[in-house]
Amino acid sequence: MGEYKVRDVSLADKGKIAVEWAQAQMHVLSRLRARLSKEKPLRGVRVAACMHVTKETAVLMLTLRDAGAEVALAASNPLSTQDHVAAYLATEGIHVYAWRGMSPQEYFTAIATAASISPTITMDDGGDLTVMLHKIAHGVQEGLDYEIGSKLLSPEVVKGVRGGTEETTTGVIRLKALEREGRLLYPVIAVNDSRTKYLFDNRFGTGQSTIDGIMRATNILLAGKTVVVAGYGWVGRGIAWRARGMGARVVVVETDPVKALEAYYEGFYVTDMISAAAMGDVFITATGNVNVIRREHMERMKDGAILANSGHFNVEISLKDLEDLAIGKRRINEVVEEYTLRDGRRLYLLAEGRLVNLVAAEGHPSEVMDLSFANQALAVLLLARKAEKLRAKVYRLPRSIDDKVARLKLEALGVRIEKLTEEQKKYLMSWSI
Ligand SMILES: NC(=O)c1ccc[n+]([C@@H]2O[C@H](COP(=O)([O-])OP(=O)(O)OC[C@H]3O[C@@H](n4cnc5c(N)ncnc54)[C@H](O)[C@@H]3O)[C@@H](O)[C@H]2O)c1
């Protein structure tokens, strides 16, 4: 066993069964794992990962280990860790620093501890690890991440990093900001931007698991409810379609005129948040933006309205405004808090405003994460092979990898697709016809 810090290592047997259950539905990654176990292309590679510690992430970490890498893993959210999975990984030689319910101090200490293996490759979900390393390297003395990270890590650590990967939209936005300012210090592959990632994970994965999280937390009947979805990006549209499928009346709030128009023609009621505020029974944010639901909206909400977020950070629902407006607060269950406002209305906040699908449910179904994590594994292999040929920029995976992942998945599903004939290929390449 490597070094680790988890809630209770005796949960490992339960974790093993959960990870095996996940792997059985992750056909593409399993095939990769079998091949890489023989070839060991990651010998000598040290991976520091900051990701949700779920059963699917475990399959990815074990794949990298079997490929020869040394792996350290920290949680990418204080509430998303599945403690039995973390325990199992600890017994499998992964340096894992994660437990559900970490304080902010513990959260950043865990990330810095994972990075203290002096990684050659970083893997991130949301950018907290990458940003910590960059703050330390650039001497940006701001925030708890810098304060904690700089005590445990030297500015030299970043020099040993050959490349990194990023899993989610919010992380990619942060990386692009670093790149724009000329401060990104190593190449990073935006795995999120692969079609076999965002079209499936963000849409079908988050769509289903967000509804799952809300139902596990509240057990409300969705049929007949008015569900307000903020953001009609890949995550938001997944949620909107799934909520409609459950019989809810869905209202979409968007800032992008094209996406708002798409939502309108796809049959959703589209309006702004101030109007939607008075209509909704359930509010779900999925924008990657800050203060999407704030005081003026809460002031108009119905008694009993439920507030949930599926965007990466707990900034989309203004917790400060909710606290300011409330005169009382009580816990209904582990993931539901009731806020009573001055006029007696009650608002219910799920999962402390953190991603409801990972805190109140188990995150995305394994079958979807198979696609995302096959892309992650292939991104790490690409970096291990040729990071030195890349510049300190944000890259996408080549289209050929998308095609390969999709083909393998179709094969596993037993789905045949049509093949272009030579004549058709020629026709599609010609201008004279
Ligand atoms: N919960 C999960 O498991 C999970 C999975 C994938 C992505 N995410 C996160 O979900 C968030 C959204 O990701 P995405 O891939 O859908 O991004 P996206 O860029 O495709 O969509 C975000 C949408 O929100 C809209 N928006 C921005 N500000 C808004 C506002 N104030 N009101 C209404 N709409 C607004 C944007 O115009 C955009 O259409 C990100 O934070 C991402 O990291 C979470």
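Show me the helices (runs of 4 or more DSSP H) entirely contained within segment 156-253 in which 2 or more residues are touching a residue at least 24 places away in the same chain (Cβ under 8 Å), buried (at least 23 other Cβ atoms within 10 Å of the Cβ) and of a type in the set (S, T, N, Q).
206-218
Have a look at A379, A374 and point out the one that is touching a strand residue (DSSP E or B) at 6+ places or on another chain (Cβ under 6 Å), crowded, with 24+ Cβ neighbours inside 10 Å and of a type outside the set (V, I, T).
A379 is the lone residue from the list that is touching a strand residue (DSSP E or B) at 6+ places or on another chain (Cβ under 6 Å), crowded, with 24+ Cβ neighbours inside 10 Å and of a type outside the set (V, I, T).
Quick check on segment 275-296: of everything there that is more than 11 Å from the ligand (Cβ to nearest atom) and part of a helix (DSSP H, G or I), which residue is nearest to L222 (Cα to Cα)?
Among residues in segment 275-296 that are more than 11 Å from the ligand (Cβ to nearest atom) and part of a helix (DSSP H, G or I), the one nearest to L222 (Cα to Cα) is A277.
Modelled with pLDDT of 95 or more and part of a loop (DSSP other than H, G, I, E, B), is that true of M123?
No, not satisfied.
Does segment 387-406 include one or more residues that are within 24 Å of T285 (Cα to Cα) and either at pLDDT 95 or above or not aliphatic (A, V, I, L, M) (or both)?
No: segment 387-406 contains no residue that is within 24 Å of T285 (Cα to Cα) and either at pLDDT 95 or above or not aliphatic (A, V, I, L, M) (or both).
Got at least one residue in segment 299-308 being of a type outside the set (S, T, N, Q), within 25 Å of T168 (Cα to Cα) and not in a helix (DSSP H, G or I)?
Looking for residues that are of a type outside the set (S, T, N, Q), within 25 Å of T168 (Cα to Cα) and not in a helix (DSSP H, G or I), one finds at least one in segment 299-308, hence yes.
With respect to E254, is the statement that it is among the charged types (D, E, K, R), touching a strand residue (DSSP E or B) at 6+ places or on another chain (Cβ under 8 Å) and closer than 22 Å to E316 by Cα true?
yes
Any idea which of E334, E338 is in contact with a Leu (Cβ under 8 Å, 6 or more places away or on another chain) and either charged (D, E, K, R) or not assigned by TED's automatic domain parsing to the domain that holds V251 (or both)?
It is E338.
Can you name the residue in segment 166-189 that is touching a Gly at 6+ places or on another chain (Cβ under 8 Å) and away from the ligand (no atom under 11 Å from the Cβ) and is also farthest from L133 (Cα to Cα) among such residues?
Only one residue tops the list, namely I189.
Taking segment 126-140, which residues are farther than 24 Å from H312 by Cα and either in contact with a Pro (Cβ under 7 Å, 6 or more places away or on another chain) or not in a helix (DSSP H, G or I) (or both)?
Residues satisfying the conditions are A137, G139.
Listed residues G236, G267, G304, G247; which is modelled with pLDDT of 95 or more and more than 15 Å from I214 (Cα to Cα)?
When all the criteria are applied, what remains is G267.
In segment 90-120, which residue that is assigned to a loop (DSSP other than H, G, I, E, B) and aliphatic (A, V, I, L, M) is nearest to A374 (Cα to Cα)?
I94
Condition check: in contact with an Asp or Glu (Cβ under 8 Å, 6 or more places away or on another chain), in the same structural domain as A49 (by TED's automatic domain parsing) and within 16 Å of the ligand (Cβ to nearest atom). Does G231 satisfy that?
no
The values are calculated or read from the model by the stated rules, or taken from the named source; none is laboratory data. None of these values were measured; they are calculated from a predicted model. Glycine gets a Cβ as well: all are built from the backbone with ideal geometry, and neighbour counts include every protein chain shown.
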